[in-house]
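Q: My questions will all concern the structure given below.
A short reminder: the numbers here are calculations on the coordinates, not readings from a lab. This structure is a prediction, so every number in the text was calculated from the model and none was measured. FYI the Cβ positions are ideal-geometry reconstructions off the backbone, even for glycines, and counts take in every protein chain you see.
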Amino acid sequence: MSIEETLQTRSGSKCELCGAKDDLSVMEVTPSDGSAEQAILVCITCKSQIEDSAKMDSNHWRCLNDSMWSIVPAVQVMSYRLLHSLRSEGWPQDLLDMMYLDDEAKTWADAGLVAESDHDNEPTKDSNGTTLQEGDNVTLIKDLVVKGANFTAKRGTVVRGIHLTDNPLHIEGKVNGTQIVLISAFLKKA
Ligand SMILES: [Zn+2]
């Protein structure tokens, strides 16, 4: 099953945030390993507001009152981040105070908050916390499905001459001749 099919089944073909049924698409909840567990199905309204915070309509996000109780960690994490970005409205902070995330989900949720905020000065670090530099060689510490390129980058693959990105959670590198974005936390400096 494709990721989209998996998510269609999981969600009952509904936006996992607001319940809308039209124009659904897959959105990764970063930092993500590309799996269905780390993605959510969202409608065009939710997607456009998540991607462009200038379009945020806090009334639309009253739906988080329900989605924050989802049993799906990726939905919890996205709900948490949205509530966090809207918290100056008051009611989202009240919901955040009630919300429960387990340790793993909380770490994931906060990783995205760091990515959203001022991260220009944050160093890019590998899975051991070693700072990565432009041009370093790194090794993958887990198998990664490369979407769009239709192959799996195997654990142990060496990626040479990486490029740092604006986001310390992501680097770019060539695997099987294809330039892809890799998650720093899944790498080890070679
Ligand atoms: Zn929606």
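Q: Please enumerate the residues belonging to the range 62-73 that are under 20 Å from the mean Cα position of the chain (by Cα) and more than 12 Å from the ligand (Cβ to nearest atom).
A: Selection gives Met68, Trp69, Ser70, Ile71, Val72, Pro73.
Q: Something else now. Does Asp94 satisfy the condition of being within 16 Å of the ligand (Cβ to nearest atom), in a helix (DSSP H, G or I) and surrounded by fewer than 16 Cβ atoms within 10 Å (Cβ to Cβ)? Explain how you work it out, then say what you get.
A: Details: within 16 Å of the ligand (Cβ to nearest atom): no; in a helix (DSSP H, G or I): yes; surrounded by fewer than 16 Cβ atoms within 10 Å (Cβ to Cβ): yes.
No: the conditions fail for Asp94.
Q: Given the criterion in contact with a Gly (Cβ under 8 Å, 6 or more places away or on another chain) and buried (at least 17 other Cβ atoms within 10 Å of the Cβ), identify the matching residue among Ile162, Ile183. Before the answer, list the steps.
A: Numbers: Ile183 fails: in contact with a Gly (Cβ under 8 Å, 6 or more places away or on another chain).
None of the other options fit; the residue is Ile162.
Q: Take the residues in the range 1-22 that are in contact (Cβ under 8 Å) with a residue 24 or more places away in the chain and in contact with a Cys (Cβ under 9 Å, 6 or more places away or on another chain), then tell me which one is farthest from Arg62 (Cα to Cα).
A: Lys14
Q: Right, something else. Could you check how many residues of the range 26-61 are among the charged types (D, E, K, R), within 15 Å of the chain's Cα centre (by Cα) and either within 12 Å of the ligand (Cβ to nearest atom) or under 19 Å from Leu144 (Cα atoms) (or both)?
A: Initial filter on the range 26-61 (among the charged types (D, E, K, R)): 28, 33, 37, 47, 51-52, 55, 57.
Now narrow it down to the ones that are within 15 Å of the chain's Cα centre (by Cα): 28, 33, 37, 47, 51.
Keeping just the survivors that are either within 12 Å of the ligand (Cβ to nearest atom) or under 19 Å from Leu144 (Cα atoms) (or both) gives 28, 33, 37, 47.
The number of residues fulfilling the criteria is 4.
Q: Suppose we keep only residues that are part of a strand (DSSP E or B) and of a type in the set (A, V, I, L, M) within the range 1-45. Which one would you say is surrounded by the fewest Cβ atoms within 10 Å (Cβ to Cβ)?
A: Across the range 1-45, the extreme among qualifying residues is Val26.
Q: Next up: Which one of the conditions (1) within 13 Å of the ligand (Cβ to nearest atom); (2) at negative phi does Asp23 fail to meet, given that it meets all the rest?
A: Tallying (1) within 13 Å of the ligand (Cβ to nearest atom); (2) at negative phi, Asp23 fails exactly one: (2).
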